[in-house]
Amino acid sequence: MSRGEHLLQEQFGTTKRASSFYENQMLNYLNNKMIEFITKQGMMFVATADANGNCDSTFRAGSKGFVRVIDDITIIYPEYKGNGVMASLGNIMENPHVGLLFIDFFENNIGLHVNGKAAIIENSQLCSYNIPEEIINDIKEKEGNKPERWVMVKVDEAYIHCSKHIPKLQQMDKEIYWGTDNEEQKNGDYFKSKQSMNQ
């Protein structure tokens, strides 16, 4: 909850409605229903900002349950090989505050916001963080050497994103080429940026 949102609630007369939301929908931990929801998701959106407030939003995906819940205030997610820019991780180094948004577009059409503080963890460090053995074994079995590192998030806020404007989508099969450098498989210049620079 920010000072800005409270000022706008007062300005636009939504303070009572917002207070009801805070009291009835917002937790500072993950309840059992939220944990179950996260373990069924195969994608999420991640928002970060650097020390000056410059923002970045990105998309993360994996097999269902790629985000692991360690306990009711701790989750981790893998960072797979990408374009090498590391915009999100760079922001986290400067400013640990992150906003995660999980949306179930396919079954229940509901979303979950998880805001918290993040830290970057190397694969070799996972065992030093009191992660339960069954989760470590699950990571080894399902992830193998795909993750380059992990992000651990300590939960500050968890709350619903209501279904009102979430579209119902159909999930289709697609072959995923994890960590590939093949330009055709990546479709990395879809927007023809390189050509635009030479004009």
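The numbers here are math on the coordinates, done by the rules we state, and not lab data. Predicted model only: the values in this text are computed from it and were never measured. Neighbour counts are summed over all protein chains in view; Cβ atoms, including those assigned to glycine, are modelled from backbone coordinates with ideal geometry.
Quick notes
- Cα gyration tensor shape for segment 122-180, rounded if a/c is under 1.5, else prolate or oblate: oblate
- Among the listed pairs Lys146/Lys174; Lys81/Lys140; Lys33/Lys140; Lys142/Lys194; Lys40/Lys194, a Cα-Cα separation exceeding 28 Å is found for Lys142/Lys194; Lys40/Lys194.
- Gyration tensor (alpha-carbon) shape descriptor, segment 1-119, a/c threshold 1.5: oblate
- For the chain, built as a Gaussian network whose Cα springs stay under 10 Å, the top-fluctuating residue of Lys64, Lys146, Lys33: Lys33
- In terms of packing, defined here as the mean over residues of other Cβ atoms within 10 angstrom, the peptides 35-44, 147-156 line up highest first as 147-156, 35-44.
- Three-way shape label, segment 1-45, alpha-carbon gyration tensor, a/c 1.5: prolate
- Taking every alpha-carbon pair under 8 Å whose residues sit at least 6 apart, segment 1-121 reaches a relative contact order of 23 percent.
- Where only DSSP H runs of four or more residues are counted, the chain gives -7500 deg cm²/dmol as its mean residue ellipticity at 222 nm, each run worth -39500 (n - 2.57).
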